[in-house]
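Participant: Would you mind keeping the following structure in view while I ask a few things?
The values are calculated or read from the model by the stated rules, or taken from the named source; none is laboratory data. From a predicted model like this one, the values you see are computed outputs, not experimental measurements. Here the Cβ positions follow ideal geometry from the backbone for every residue, glycine too, while neighbour counts run over all protein chains shown. For accessibility, only protein heavy atoms count, side chains too; no ligands or nucleic acids. Shrake-Rupley method; radii C 1.70, N 1.55, O 1.52, S 1.80 Å.
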Amino acid sequence: MDIKRHLAVSINHVTTEDIERLLKRCPNRQCALDPVPTWLVKAAGSTMATIGLLAKLVNASLDSAVFRSSMKHAIVTPIVKKPGMDLSSLSSYRPISNLPFGLCGTALMWFRSYLSGRTYRVVYACGTSSVVYIVCSVPQGSVLGPVLFVLYVADIADIVNRHGVTLHSFADDTQLYLHCCREDITMAATRLEECIVDVGRWMSANRLKLNTDKTELLWTGSRHSVSQLNGHGPSIQLGADTIPACDHVRLLGVIISADLSLDRHVSVVISASFYWLRQLRRVRRSLDDESAAILVHAFVASRVDYCNLLLAGAPKSVTDKLQRVMNAVARVLSGTKKYDRGLTHLLHSELHWLDVADRVTYKLGVTVYKCLHDQAPDYLSELCTPVAQVAERQHLRSASRHLLVVPRFQLDRYGRRTFAVAGPTTWKLFQNNLREPDMRIDCFRRTLNTCLFDQYSAH
């Protein structure tokens, strides 16, 4: 991949509108090296004078192709990855790096300035390490870090493709997929093993390391197919390390089981949610309503909503379990007890919360909208094909109603849950005005939310 060809682009100045939009999205995180905390910058950013000053600072950096040296030093705070891990082992910690507040550009010279001359020091408990100078790598904790890393490892995609394996990456978290019949599983394991070995060789030649300790293997399929594997399926051999097959893996915070059920994932979400609810109940009397609402959204509701698109087509028994969590959250906020009446009114009319099943529908609808308006990844967008774009169907009424093609599927249990089926099927159920191509996303969100709430009053 020609990195220089992609980075050597013209410099575009940022506008005050760009600064204002970024400030609104910026989380309230800061570094001890910041001259002022992030929340204060955001508060001051409500004035046009402050926004204009920030825009001038960013554009001056772009024009000079220089990134300020004071922003190249980071403080690394080791955080234990999971409770119960060995605190004496360095591999048990995740180095969290905080960088001083700054914005980024795209010119090649600016990138050179941005990446060179960086330093960091580790702060743990009351101790501080000496300053370390970084001669390679990308700055952790930065917005550009994941993008630059993906550009650096882009050649891995070519290696994987040569083996007929599918690749999905999220920064340094890489997943390899392949499909096979049950009788060809041994051959598939060999192909996957050879692919990973080649990837490991490329990484070694490019100053990277393939961490076999974090490599996991999962064979998935229907319950019947999985039961025929006599355990968990074949393992793979990576040098001196054997990677056994697991019955479940954690993928970007979601637990995927071998039979593709979400029971284990939902159980973990429920357990963590009720843990935090117990902590919140202890301090609820000391919190005002606004503070309590912020905490329950941060620690509980966000867990229920995280990747809830995967719950599309899930059995009602699964979404009902998560609904009980949201019911408990509502009781904590309102101070009502388990058997008090009026819970439905509290959820829909006072808190303005959708039921869990409708939250999934909302997320599914918004994702389909983004697919149709070039705001989603290609691997999702290609699954949403308007009927009007299929030559032999353009004369159908479904084409004028802006419906999508619903592909055929074989397994009812799994086929209906795939995005390729669940997305177009849900899109068909929406009102005609929601499917209008020229509708803006903010208007789409509001209208869809209103439509979902209207169904409660209809009942």
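Participant: Checking ASP355 against (1) over 30 Å from VAL325 (Cβ atoms); (2) open to solvent by 30 Å² or more (accessible area, probe 1.4 Å): exactly one of these is not met. Which one?
Facilitator: Result: ASP355 fails condition (1) only.
Participant: So which residues in the stretch 203-217 are touching a residue at least 12 places away in the same chain (Cβ under 8 Å) and either touching a Gly at 6+ places or on another chain (Cβ under 7 Å) or open to solvent by 40 Å² or more (accessible area, probe 1.4 Å) (or both), if there are any at all?
Facilitator: Hits for the stretch 203-217 are ASN206, ARG207, LEU208, LEU210, ASP213, GLU216.
Participant: Output the strands (runs of 3 or more DSSP E) that fall wholly within the stretch 118-198 and possess 3 or more residues being without any contact (Cβ under 8 Å) to a residue 40 or more places away in the chain and under 30 Å from SER222 (Cβ atoms), or say none.
Facilitator: 166-170, 173-177
Participant: Also: Which numbered condition trips up THR361, out of (1) open to solvent by 50 Å² or more (accessible area, probe 1.4 Å); (2) touching a residue at least 40 places away in the same chain (Cβ under 8 Å); (3) among the polar types (S, T, N, Q)?
Facilitator: Answer for THR361: the failing condition is (1).
Participant: Return the residues of the stretch 345-358 that are of a type outside the set (Phe, Trp, Tyr) and touching a residue at least 12 places away in the same chain (Cβ under 8 Å); say none if nothing qualifies.
Facilitator: LEU346, LEU347, HIS348, GLU350, LEU351, HIS352, LEU354, ASP355, VAL356, ALA357, ASP358
Every residue, every condition in (1) among the β-branched types (Val, Ile, Thr); (2) farther than 30 Å from SER169 by Cβ; (3) crowded, with 16+ Cβ neighbours inside 10 Å, yes or no:
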residue	(1), (2), (3)
ASP374	no, no, no
ASP378	no, no, no
LEU429	no, yes, no
LEU452	no, yes, yes
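Participant: I would also like to ask the following. Take the residues in the stretch 266-322 that are under 30 Å from GLY415 (Cα atoms) and not in a helix (DSSP H, G or I), then tell me which one is least open to solvent (accessible area, probe 1.4 Å).
Facilitator: Looking at residues that are under 30 Å from GLY415 (Cα atoms) and not in a helix (DSSP H, G or I), I get ALA312.
Participant: I need a count of the residues in the stretch 399-427 that are surrounded by 19 or more Cβ atoms within 10 Å (Cβ to Cβ) and more than 26 Å from the chain's Cα centre (by Cα).
Facilitator: Residues meeting the conditions: 1.
Participant: From SER116, SER130, SER88, grab the single residue that is modelled with pLDDT of 80 or more and open to solvent by 80 Å² or more (accessible area, probe 1.4 Å).
Facilitator: Testing whether each residue is modelled with pLDDT of 80 or more and open to solvent by 80 Å² or more (accessible area, probe 1.4 Å) leaves just SER130.
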